[in-house]
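Engineer: Quick one: this structure, given as structure tokens, is what I'll be asking you about.
All of the numbers you see were taken from the coordinates with simple rules; none came from a lab. Here the structure is a predicted model, which is why all the values come from computation and not from measurement. Every residue, glycine as well, gets a Cβ built from its backbone with ideal geometry; the counts of neighbours run over all protein chains shown.
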Amino acid sequence: MDFRLTVEQEMVRDAVREFTEKEIKPVASIYDEEKTFPYGNLRRMAKLGLMGLNIPEEYGGSEVGVVAYSLAITEIAKGCASHAVTTSVTNMVAEVICEFGQEEIRRKHVPKLCSGEYPAGSFAITESHSGSDAANIRTTAVHQNGTYILNGTKTFITSGEVSGVTIVWVVTDPNARKGKGISTFAVEKGTPGFIIEKAEEKMGHRASLTNELVFDNCVVPANCLLGKEGEGFKMP
């Protein structure tokens with residue numbers, strides 16, 4: 001097996017390495033000290049195609065593959081862990097919506113993640129009593145009149161307050177056995193009942209904002225369901 005990088009993979013690595021040296025490293029310690037979210041750098045990174053590395057071009061992605069993605073995140077992390085985690089999570093959010101979302105939801109959110117119109121994307125799995133053990137989450141969603149009503153609290157959510165769209169894991173069937181009855185939704189920032197609490201104080205990664213998210217009778221359209229109801233536990 002040939003483990004040598006392709007020309008395209010080398011180009012991605014070198015371009016990201018150059019960007020990191022010029023734009024990320026000089027501000028990394030300042031941003032960390034001042035808890036400054038790197039809006040400008042992330043927009044520039046989006047223009048380089050770094051927010052949709054595994055996303056098809058028709059949705060605004062650069063579609064360079066998982067090896068190039070890994071190389072890019074590695075180079076970013078050499079300069080700043082906060083830039084790297086925000087980039088990584090945003091890419092994963094775009095991938096999950098692209099893989100499991102209905103076409104309308106893909107068209108609505110994925111291009112905005114890839115282009116930088118959304119500063120970031122976020123995953124909301126963790127809860128205070130269960131860590132990231134999705135099988136034991138308690139946040140619920142009840143199907144009602146063509147919508148779902150979400151109630152519960154998520155904690156330690158990366159990019160929570162700056163995310164344009166948040167993927168939320170909830171219980172839709174409380175009677176199902178452990179690991180079943182869990183569904184996943186794409187919830188847009190600004191949805192009534194979607195409350196973003198203040199950023200957590202941290203000892204590191206301070207340029208990556210981390211928040212508690214509260215869902216208080218948050219109503220989302222049924223087409224925001226990703227995949228099939230009850231199969232959210234299988235998703236990445």
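Engineer: Being within 22 Å of V27 (Cα to Cα) and assigned to a helix (DSSP H, G or I), is that true of even one residue in the range 103-114?
Structural biologist: no
Engineer: On the given criteria, is T191 under 17 Å from N223 (Cα atoms), crowded, with 24+ Cβ neighbours inside 10 Å, in contact (Cβ under 8 Å) with a residue 24 or more places away in the chain and of a type in the set (S, T, Y)?
Structural biologist: no
Engineer: Next up: Out of G164, G181, G193, G230, I need the residue that is in contact with a Cys (Cβ under 9 Å, 6 or more places away or on another chain) and more than 16 Å from T126 (Cα to Cα). Which one?
Structural biologist: G193
Engineer: Name, by its number, the condition in (1) assigned to a loop (DSSP other than H, G, I, E, B); (2) touching a residue at least 12 places away in the same chain (Cβ under 8 Å) that does not hold for E201.
Structural biologist: Every listed condition holds for E201 apart from (2).
Engineer: Counting just the residues of the range 87-124 that are of a type in the set (S, T, N, Q) and under 24 Å from T139 (Cα atoms), which one comes out surrounded by the fewest Cβ atoms within 10 Å (Cβ to Cβ)?
Structural biologist: It comes out as Q102.
Engineer: Please work out which residue is surrounded by the fewest Cβ atoms within 10 Å (Cβ to Cβ), limiting yourself to the range 70-86 and to residues that are β-branched (V, I, T) and closer than 17 Å to D14 by Cβ.
Structural biologist: Per the criteria, the residue is T74.
Engineer: May I pose another question? Of the residues A84, A72, which single one is within 20 Å of the chain's Cα centre (by Cα), in contact (Cβ under 8 Å) with a residue 40 or more places away in the chain and in a helix (DSSP H, G or I)?
Structural biologist: Answer to the selection: A72.
Engineer: Another question, then. Got a sec? Which of V165, V220, V214 is under 28 Å from T36 (Cα atoms), out of contact with any Asp or Glu (no Cβ under 6 Å at 6 or more places or on another chain) and surrounded by 15 or more Cβ atoms within 10 Å (Cβ to Cβ)?
Structural biologist: Only one candidate qualifies: V214.
Engineer: Further question: So G60 fits all but one of (1) touching a residue at least 60 places away in the same chain (Cβ under 8 Å); (2) touching a helix residue (DSSP H, G or I) at 6+ places or on another chain (Cβ under 8 Å); (3) of a type outside the set (S, T, Y); (4) closer than 26 Å to N223 by Cβ; what number is the exception?
Structural biologist: Looking at each condition in turn, G60 falls short on (1).
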